[in-house]
Structure formats: structure tokens, C-alpha cells
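Student: To start, I am sharing the structure in question, which I have written as C-alpha cells.
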């Protein structure tokens, strides 16, 4: 999955960071050519600020369907300290996307009975409209909470997908691949699929570790702008390509090993 912009970064962070819908689609196309199959999409308002505007999301989805039709698009309801659970829910119900990411702690508010009832209602309505949710968790405790929501039927029956985030609570948002170890266990095995994203320059090593343990990778400027050698990437597609190149090399080595046995 390619995550080319996020909610907070701007052009001064990197001149090639996509802000407009046109820029986002251009980068998505580059990422698709580099081997990404999903776009994790953020939209911005006219001032370049994080937005959950349903019309803009609809425009992005429509243009992606025309320009990169084979790439799945995942919208996000990230609050970014701006949007309430009610506003996040409204976005999901108005856009009715095929795929969306939702912070498990964000949609459930402060976790009281009223907040959980609201979340249960929204999850049920979103499930009924055919939207697949990837639940964002920032810690092993968040993953425990996600599993408990499933057990309580606050999250409806069906497949359970999660995005694990490394480094969110670390100084400077710098992650360490070793943090992934804290997620290993029965709860991770309960998931139907899981994906990893990692803040900072350890993104490459973290994603490779996730893949080796049966996960998938979300890669891009939202979390990291640097290649494995420490140089600044020119586009999220560069970060995607270094992973896909590694996987092709590893596949070739596995094939060679089999042939020589």
C-alpha cells in the first residue's frame, strides 16, 4: 500500500509531496507501476489542510477509477486532532468507499457505554453498505482493544483487518523494527490480514520484517521520506520500488536454491 502524503506534511517537507487530487493520482500511478496495489488516500482543502470532505473524496475515487483502474483506493477518516467521531462517521456514510482506514481509538471516543454504542451502530451501517474497514492500532494494547471490540460484537462479524503502526509514541516519531515483536501472539494470529507502517528511516527494515512474518507493508512519505541508504527519496514510488526489488531478488534466490537442491 502506498501512503504518499498523510494529514500533516506539506510542500516544505518535500516539494514532491502530493497535495491536490491531480498530484495524488499522478503519484499513485507511479506507485502502481512500482508495485503497489493499494493507495492510502488523504485529501486536502483549498488551503492544503487535512480534510474529510465527501465531495473531494468522491472526485478522487472517480478519477482514480479512470486513471489507475486496477489500483484499490483506501480513504482515511483520520481525525488529525480536528475531526470528531461523528464527522468521521459522516464521511464513511456519505462517501461509501470500498475500503477505508479507521483508528480504533478514534471511532470509539472515550470508550464509555455511549461512545461504544455509537461505534457499534456506525460499524454495522458501514458494513452493510459494503465498506471494508482496516482498523488502525498504535500499540499492542490497541490490538487487545480491537480484539475485545470484535468479541463484544461492537465490530460486526466478518473479516478483521488491521494496520499496525510503529513509532507513533516515540520521541521524534522514530520507530524500531523490534517494536513489532510486541504485537506477536494470539491476537495477531486472530486477524484475517495485517499490515505495517513505520515512522522514520527504519521503515524499510520494519516492512521487510513484517513481510517475513506474514504481514503486508504500507509505505510512503506519510511516515518516511528516506531510502534505506539514507538518501532522500524523490517520490513515494522510490520507497515502494526498493521493497518490490528486494522481494523480486528474494524470490529469485529462493528459486535458485530450489533448482540447485
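Student: Out of (1) within 19 Å of residue 226 (Cβ to Cβ); (2) assigned to a loop (DSSP other than H, G, I, E, B), what's the single condition that is false for residue 19?
Tutor: Only one criterion in (1) within 19 Å of residue 226 (Cβ to Cβ); (2) assigned to a loop (DSSP other than H, G, I, E, B) is unmet by residue 19, namely (1).
Student: Please count how many residues of region 225-237 are out of contact with any strand residue (DSSP E or B) (no Cβ under 7 Å at 6 or more places or on another chain), farther than 16 Å from residue 38 by Cβ and surrounded by 17 or more Cβ atoms within 10 Å (Cβ to Cβ). Before the answer, list the steps.
Tutor: To start, the set of residues in region 225-237 that are out of contact with any strand residue (DSSP E or B) (no Cβ under 7 Å at 6 or more places or on another chain) comprises 227-231, 234-235, 237.
Of the ones still in play, those that are also farther than 16 Å from residue 38 by Cβ are 227-231, 234-235.
Next, only the ones that are surrounded by 17 or more Cβ atoms within 10 Å (Cβ to Cβ) stay: 227, 235.
Residues that pass the stated criteria total 2.
Student: Look at residue 139 and say whether it is more than 14 Å from residue 101 (Cβ to Cβ) and either free of Cβ contacts under 8 Å to residues at least 12 places away in the same chain or surrounded by fewer than 13 Cβ atoms within 10 Å (Cβ to Cβ) (or both). Spell out how you get there, then give the answer.
Tutor: Numbers: more than 14 Å from residue 101 (Cβ to Cβ): yes; either free of Cβ contacts under 8 Å to residues at least 12 places away in the same chain or surrounded by fewer than 13 Cβ atoms within 10 Å (Cβ to Cβ) (or both): no.
It is false that residue 139 is more than 14 Å from residue 101 (Cβ to Cβ) and either free of Cβ contacts under 8 Å to residues at least 12 places away in the same chain or surrounded by fewer than 13 Cβ atoms within 10 Å (Cβ to Cβ) (or both).
Student: Kindly check whether there is at least one residue in region 101-109 that is more than 17 Å from residue 41 (Cα to Cα) and modelled with pLDDT under 95. Write out each step before concluding.
Tutor: Taking region 101-109 and keeping what is more than 17 Å from residue 41 (Cα to Cα), we get 104-109.
This time we only want the ones that are modelled with pLDDT under 95, so: 109.
Yes.
Student: Let me ask another. Being in contact with a strand residue (DSSP E or B) (Cβ under 7 Å, 6 or more places away or on another chain), crowded, with 23+ Cβ neighbours inside 10 Å and in a loop (DSSP other than H, G, I, E, B) is the requirement here; does residue 206 meet it? Can you show your working first?
Tutor: Numbers: in contact with a strand residue (DSSP E or B) (Cβ under 7 Å, 6 or more places away or on another chain): yes; crowded, with 23+ Cβ neighbours inside 10 Å: yes; in a loop (DSSP other than H, G, I, E, B): no.
Criteria not met by residue 206.
Student: Same structure again: Does residue 36 satisfy the condition of being crowded, with 22+ Cβ neighbours inside 10 Å and within 14 Å of residue 235 (Cα to Cα)?
Tutor: Numbers: crowded, with 22+ Cβ neighbours inside 10 Å: yes; within 14 Å of residue 235 (Cα to Cα): yes.
Against the criterion (crowded, with 22+ Cβ neighbours inside 10 Å and within 14 Å of residue 235 (Cα to Cα)), residue 36 qualifies.
Student: With crowded, with 22+ Cβ neighbours inside 10 Å and within 18 Å of the chain's Cα centre (by Cα) as the only criterion, which of 188, 160, 196 stands out? Walk me through how you get there before you give the answer.
Tutor: Values: 188 fails: crowded, with 22+ Cβ neighbours inside 10 Å; 160 fails: crowded, with 22+ Cβ neighbours inside 10 Å.
Being crowded, with 22+ Cβ neighbours inside 10 Å and within 18 Å of the chain's Cα centre (by Cα) holds for just one of 188, 160, 196, which is 196.
Student: Name the residue that is nearest to residue 218 (Cα to Cα), counting only residues in region 62-72 that are out of contact with any strand residue (DSSP E or B) (no Cβ under 8 Å at 6 or more places or on another chain) and in contact (Cβ under 8 Å) with a residue 24 or more places away in the chain.
Tutor: Looking at the filtered set, the residue picked out is 70.
Student: Still on this structure: Please state which of the following conditions residue 133 fails to meet, knowing it meets all the rest: (1) buried (at least 19 other Cβ atoms within 10 Å of the Cβ); (2) touching a residue at least 40 places away in the same chain (Cβ under 8 Å).
Tutor: (2)
Student: Taking region 40-61 as the region of interest, how many residues are in contact with a strand residue (DSSP E or B) (Cβ under 7 Å, 6 or more places away or on another chain) and in a helix (DSSP H, G or I)? Even if it seems obvious, please write down each step before you answer.
Tutor: Start the filter on region 40-61 by keeping residues that are in contact with a strand residue (DSSP E or B) (Cβ under 7 Å, 6 or more places away or on another chain), which leaves 40-45, 50-51, 53, 56-57, 60-61.
Of the ones still in play, those that are also in a helix (DSSP H, G or I) are 56-57, 60-61.
So the answer is 4.
Student: Filter region 91-128 down to the residues that are surrounded by 15 or more Cβ atoms within 10 Å (Cβ to Cβ), free of Cβ contacts under 8 Å to residues at least 40 places away in the same chain and assigned to a helix (DSSP H, G or I) and list them by number.
Tutor: 91, 92, 106, 107, 116, 118, 119, 120, 122, 123, 126, 127
Student: Restricting the search to region 39-63, which residues are buried (at least 21 other Cβ atoms within 10 Å of the Cβ) and in contact with a helix residue (DSSP H, G or I) (Cβ under 9 Å, 6 or more places away or on another chain)?
Tutor: Of the residues in region 39-63, the ones buried (at least 21 other Cβ atoms within 10 Å of the Cβ) are 39-43, 52, 57, 60.
Result: 39, 41, 42, 43, 52, 57, 60.
Student: Mind telling me which of the residues 38, 75 ends up being within 19 Å of the chain's Cα centre (by Cα), without any contact (Cβ under 8 Å) to a residue 40 or more places away in the chain and under 17 Å from residue 95 (Cβ atoms)? Talk me through it step by step, then tell me what you get.
Tutor: Numbers: 38 fails: without any contact (Cβ under 8 Å) to a residue 40 or more places away in the chain.
Answer to the check: 75.
The values are calculated or read from the model by the stated rules, or taken from the named source; none is laboratory data. Everything quoted here is computed from the prediction, not taken from an experiment. For neighbour counting, all protein chains shown are included, and Cβ atoms are generated from backbone atoms with ideal geometry for every residue, glycine included.
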